[in-house]
Every structure is written in C-alpha cells, then in structure tokens.
Amino acid sequence: MNWMSFTHEGRTYRLAIARDKRGVWVGWKGGSAFFEKEHRVAGGRHQHEDVRAPMTGKVVKILAKPGDSVAEGDVLLILEAMKMEYRLTAPHTGAVEKILCREGELVDMGAVLIKLAE
C-alpha cells in the first residue's frame with residue numbers, strides 16, 4: 001500500500017492508495033472509495049455493483065439475507081476496520097442474491113461481500 005499526503009486550507013491529509021487488477025482503492029480516516037474503469041450494460045446500469053469491502057476489516061453484523069428486497073442506500077452490512085464502523089449500503093434497488101461472508105470473519109479490501117440482483 002502506498003501513502004500520499006496533501007495540504008488543503010492549511011490542514012494536512014493522508015490517503016492510503018492500493019491498486020489491483022480491478023482498479024484503485026483510496027482510503028482516508030473515516031472512509032474509502034474504489035475507482036474502476038466504467039463498464040456499462042444495456043439500460044445504463046453498471047455491470048459490477050456488488051457490495052465490496054472498502055478496506056480490510058471484520059464483518060460485525062449482516063443485516064440482510066438472501067432474497068431480501070433492498071432499496072438504494074439500505075444498510076446491508078457493518079464492517080469494522082481501524083477501530084471504526086463502516087455501514088455498507090446497497091448501490092441500487094434490487095434483491096440480495098448471495099451473502100459471501102460470515103459475521104466475525106476477516107475480509108480483504110475489495111472482497112465481494114454481498115451479491116445483488118436487479
């Protein structure tokens with residue numbers, strides 16, 4: 001993992017940057033984001049909209065189960081990393097197709113945790 005620091009309005013920020021074959025992860029205190037080349041399918045939806053671990057951490061609670069209908073923004077899972085809780089949400093409205101983790105499990109950054117169907 002690489003680190004980058006920058007200063008904005010007199011305050012210094014530090015970002016963690018990790019690249020893999022799918023794209024680039026950028027992490028900061030309290031959050032992270034994954035950037036990948038955009039792949040669209042008919043209808044304008046992203047091809048890859050599974051719920052992924054934004055960083056390495058422990059699955060604290062799974063709030064969804066296979067077959068559940070979910071709306072965009074619904075909290076599906078709580079991940080603990082770096083002494084913080086991350087509430088992972090549904091990227092779009094759909095149904096939970098598959099849960100690929102267990103409560104208490106340690107997961108790697110970028111791992112698919114929940115698969116959603118439209």
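The values are calculated or read from the model by the stated rules, or taken from the named source; none is laboratory data. In this text, all values refer to a predicted model and were calculated from it rather than measured experimentally. As a convention, Cβ positions derive from the backbone with ideal geometry for all residues, glycine included, and neighbour counts pool all protein chains shown. The accessibility values were calculated without ligands, DNA or RNA, using every heavy atom of the protein model including side chains. Shrake-Rupley method; radii C 1.70, N 1.55, O 1.52, S 1.80 Å.
Of the listed requirements (1) at pLDDT 90 or above; (2) open to solvent by 90 Å² or more (accessible area, probe 1.4 Å), residue 67 misses just one: (2).
Considering (1) over 18 Å from residue 58 (Cα atoms); (2) surrounded by fewer than 13 Cβ atoms within 10 Å (Cβ to Cβ); (3) touching a Ser or Thr at 6+ places or on another chain (Cβ under 8 Å), the lone condition that residue 108 does not fulfil carries the number (1).
Every test in (1) at pLDDT 95 or above; (2) surrounded by 14 or more Cβ atoms within 10 Å (Cβ to Cβ) is passed by residue 55 save one, and that test is (1). Taking the condition modelled with pLDDT under 95 and within 18 Å of residue 2 (Cβ to Cβ), does residue 21 pass? Considered against the rule, which asks whether it is modelled with pLDDT under 95 and within 18 Å of residue 2 (Cβ to Cβ), residue 21 comes out as yes.
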